[in-house]
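Trainee: This is the structure I have questions about; it appears just below.
Every number here is computed from the coordinates shown, using simple stated rules; none is lab data. In this text the structure is predicted, and so the values were computed from the model without any measurement. Quick reminder, even Gly has a Cβ in these numbers, built from the backbone with ideal geometry, and neighbours come from all protein chains shown.
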Amino acid sequence: MKTQHISHTSRKPLLSFAPAQTAPRGDVLVVVFLRGAADVLNMVVPHGEDEYYKLRPALGIPRPDDNKAKAEERTIDLDGFFGFHPILAPLLPIWQEGHLGIIHACGAHDDSHSHFKAQELMERGVENEHGPASGWIGRHLATLNTNNASPMRAIALGEMPQRSLYGSVPVSALRSLEDFKLRGDELAVAQMQAALGSLYSGNDSLSHLGRETMSILDTLEKITPRSPNSQSPNYPESNFGRGLREIGSIIKAEVGLEVAAIDLDGWDTHFAQGVQVGLMPRLMTDLAEGLAAFHAEMIDHADKLTVVVMTEFGRRAYENASLGTDHGHGGMMMLVSGNLKSRGVFGQWPGLKSHQLFGPGDLAVTTDYRDILGEVCARRLNNPALDGIFPNYDVKMPDLFR
């Protein structure tokens with residue numbers, strides 16, 4: 001089966017207009033990186049291809065009409081050929097709204113099968129080690145002057161910024177909002193702020209760094225994270241779920257956020273990967289419940305918010321003897337946006353027959369990940385400087401967005 005496009009056929013403003021002489025601000029971008037190389041063939045299942053079940057006699061997800069399997073364990077059909085793993089059911093309402101697009105057989109052309117190299121090159125947006133050391137998001141921020149001086153223009157959820165954020169524009173790394181707030185009664189906090197202001201009043205580099213830090217702290221003090229209650233979307237109680245909840249709080253606070261990056265680790269499933277229970281099903285639960293809660297929380301912002309889900313590469317098309325999958329090649333990307341032209345599984349499906357597989361038995365790459373990110377930058381972030389964001393690459397936009 002080969003196709004170029006497999007698919008079916010007034011909200012509150014998120015950010016204020018940019019000043020004159022600057023580019024208009026586009027969407028807030030949230031990038032979710034599935035680190036460890038997610039097994040995308042068991043996430044968005046090609047249940048219409050017999051070869052999938054020959055390659056995965058133990059790990060294959062039953063067809064939607066497989067009466068030998070329990071109904072709750074069958075693939076959820078999307079378009080007659082592809083379907084969700086049943087654990088990804090929380091994403092089905094987003095799909096039905098037309099706010100979810102999937103690009104299968106998507107990824108980089110690096111065939112090293114190395115997590116470190118693949119993540120490094122993908123986050124830098126380059127084909128080899130000789131490209132610029134900055135990240136693709138860092139270059140996006142540097143080439144788009146929105147006259148945004150907020151210390152929260154770009155944030156990383158975690159201990160340190162993701163490689164994609166490296167560049168000339170400062171990035172704030174947060175484990176949680178509360179970790180970055182000054183503590184004590186109001187008088188003590190005011191005295192501490194005054195003391196720090198005096199300490200960092202000079203013109204040296206340390207004072208400049210201190211004032212930047214104080215600016216971040218002052219901005220964070222104005223943000224009140226929403227506490228879970230009976231009216232709140234049901235975020236998973238995990239680092240990923242809490243991180244998405246805090247990104248939502250920052251967006252709603254309207255403090256100038258343009259980009260946020262967050263990771264979901266642990267997808268290197270060589271052993272005992274799991275079909276309905278186990279390591280990968282737990283990760284998919286976290287991903288699906290987190291994205292569903294975030295989408296529900298931010299539904300009033302859907303027209304000014306783009307979420308990108310990506311992974312460094314996929315897994316081998318056939319299962320291994322340890323009931324896991326080894327490092328592969330072709331992966332998948334997901335887009336969550338209120339501005340998709342249509343829901344669908346997009347791209348050219350390469351097939352899973354032996355002569356269609358890449359290298360030692362991998363799903364082939366038919367869509368370069370930079371084509372997807374390039375369209376996101378140009379059409380949703382209002383940044384046409386694709387030559388600067390993805391140097392030495394001619395972006396071919398697949399025309400997914402309105």
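Trainee: Quick one: if the Förster radius is 25 Å, what FRET efficiency do residue 300 and residue 342 give, using the C-beta to C-beta distance and rounding to 0.05? It would help to have the intermediate numbers written out before the result.
Mentor: Values: r = 22 Å, r/R0 = 0.88.
That gives a FRET efficiency of 0.70.
Trainee: Related question: Find how much the distance from residue 254 to residue 399 grows on full extension, using 0.36 nm per residue of separation minus their present alpha carbon separation; answer in nm with one decimal.
Mentor: So the extension gain works out to 49.3 nm.
Trainee: A further question on this structure: For the stretch 58-110 and the stretch 130-150, what is the separation of their C-alpha centers, rounded to whole Å?
Mentor: Rounded to whole Å, the Cα centres lie 35 Å apart.
Trainee: Over the stretch 289-402, consider all pairs of different Cα atoms and compute the Kirkwood hydrodynamic radius from their mean reciprocal separation; express it in Å, one decimal.
Mentor: 16.1
Trainee: Could you sort 263-272, 63-72 so that the peptide with the highest average Cβ count within 10 Å comes first and the rest follow in order? Mind showing how you got there, number by number?
Mentor: On the way: 263-272: 17.7, 63-72: 12.6.
Per-residue mean Cβ counts within 10 Å order the peptides as 263-272, 63-72.
Trainee: Would you mind ranking 393, 369 so that the residue whose beta carbon has the fewest other beta carbons within 10 Å leads the list? Before the final figure, lay out the partial values.
Mentor: Numbers: 393 17, 369 24.
Lowest to highest Cβ neighbour count: 393, 369.
Trainee: What's the extension gain from residue 71 to residue 354 if we count 0.36 nm per residue and subtract their Cα-Cα distance?
Mentor: 98.8 nm
Trainee: Let me ask something else. Please express the Cα-Cα pair-distance distribution P(r) of the stretch 35-165 as a list of whole percents, one per 10 Å bin, running from 0 to the bin with the greatest distance.
Mentor: Calculated over all Cα pairs of the stretch 35-165, the distribution is 10, 28, 26, 24, 10, 2 percent.
Trainee: Let me ask another. So for each of 150-157, 354-361, 134-141 I average, over its residues, the number of other beta carbons within 10 Å; can you give me the resulting order with the highest mean first? Mind dumping the intermediate values first?
Mentor: Numbers: 150-157: 21.5, 354-361: 13.8, 134-141: 26.8.
By packing density, highest mean first, the sequence is 134-141, 150-157, 354-361.
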